[in-house]
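Notes follow the structure.
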Amino acid sequence: MAQKATIYKVELSVSDMDRHYYETHTVSSVVMVTFRRPNDGLYHDVLASVDGDFDKLPFSLKRIGDCEAPAIIAAATYAGHKYARELDTPIDPDEPLLHDRVDVGER
């Protein structure tokens, strides 16, 4: 049986010193789009806050998009969209792992 989802609202402070933009927003989800280099510092900081034990977190934690590897914006957007579609989907350990594949036709 799947667990019931809990939605947390948090305040996100956005600072862009180049454009002099400083605002705070109340959000329940964040998709960060940044430079084309991996940036997983936040992931590691959150994980370190519970001594590396995912079970102690009150939410799921996963690296996607540019946190995992640099790519074009379309790939980061796709990774965020795919994660959102699969969020809260029950995982059946007996079901084979599905991969995104491109059909190139028969040989």
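Matching residues to (1) under 13 Å from the mean Cα position of the chain (by Cα); (2) at pLDDT 85 or above:
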site	(1), (2)
ASP45	no, yes
ILE64	yes, yes
ALA71	no, no
LYS82	yes, yes
ASP92	no, no
VAL102	no, no
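Scan segment 46-54 and tell me whether some residue there is of a type in the set (A, V, I, L, M, F, W, C) and part of a loop (DSSP other than H, G, I, E, B). Break it down stepwise before answering.
Within segment 46-54, the subset of a type in the set (A, V, I, L, M, F, W, C) is 46-48, 50, 54.
Filter again for part of a loop (DSSP other than H, G, I, E, B), leaving 50.
Among the residues of segment 46-54, at least one is of a type in the set (A, V, I, L, M, F, W, C) and part of a loop (DSSP other than H, G, I, E, B), which makes the answer yes.
The values are calculated or read from the model by the stated rules, or taken from the named source; none is laboratory data. Predicted model only: the values in this text are computed from it and were never measured.
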